[in-house]
Amino acid sequence: PEEPPTPATRDRRSTLLGIIDELDAPTHAAVVTAAADVGIDTDAAATLLERLHREGAITRRAGQYRVL
């Protein structure tokens, strides 16, 4: 069972969703790089991207993410 999100996790989640919205081409590499630029560990960003995709919060099409 997954643990409930902590305030830090919620902040990372919001930040990542914002990055996806702001990037012209939100590919996996671009999102992870942008997340690293604001202090989110690249492994944590990659894991969170997959979680958001699995949860249906984002979609991935043609190699790019979009917030639903």
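The values are calculated or read from the model by the stated rules, or taken from the named source; none is laboratory data. Quick caveat: nothing in here was measured; it's all calculated off a predicted structure. Positions of Cβ are generated from backbone atoms using ideal geometry, with glycine treated the same way; all protein chains shown enter the neighbour counts. Only protein heavy atoms, including side chains, enter the accessible area calculation; ligands, DNA and RNA are left aside. Shrake-Rupley method; radii C 1.70, N 1.55, O 1.52, S 1.80 Å.
Each stretch of four or more DSSP H residues adds -39500 (n - 2.57); spread over every residue of the chain, this sum gives -19000 deg cm²/dmol at 222 nm. Per residue, the accessible area of the chain comes to 66 Å² when a 1.4 Å probe rolls over the protein heavy atoms. Rounded to the nearest 10 degrees, the inclination of helix 42-55 to the longest alpha-carbon principal axis of the chain is 90 degrees.
Per 0.36 nm of contour for each residue apart, how much would the distance between ARG61 and THR42 grow if the chain were fully extended, relative to their Cα-Cα spacing?
On the way: separation 19, 0.36 × 19 = 6.84 nm, distance 2.13 nm.
Residue separation times 0.36 nm, minus the Cα-Cα distance, leaves 4.7 nm.
Here the chain is assigned +1 on the Cβ of each Lys and Arg and -1 on the Cβ of each Asp and Glu. Its dipole about the Cα centre then comes out at about 260 debye. The angle between the Cα long axis of helix 7-22 and the longest principal axis of the Cα atoms of the chain comes to about 10 degrees, rounded to the nearest 10. Measuring nothing but protein heavy atoms, the accessible surface of the chain at 1.4 Å probe radius is 50 percent carbon and sulfur.
In the assembled protein chains, GLU55 presents an accessible area of approximately 100 Å² (probe radius 1.4 Å). Here the simple spin-label model places points 7 Å from the Cα toward Cβ, and for ARG51 and ALA25 these points are separated by 2.9 nm.
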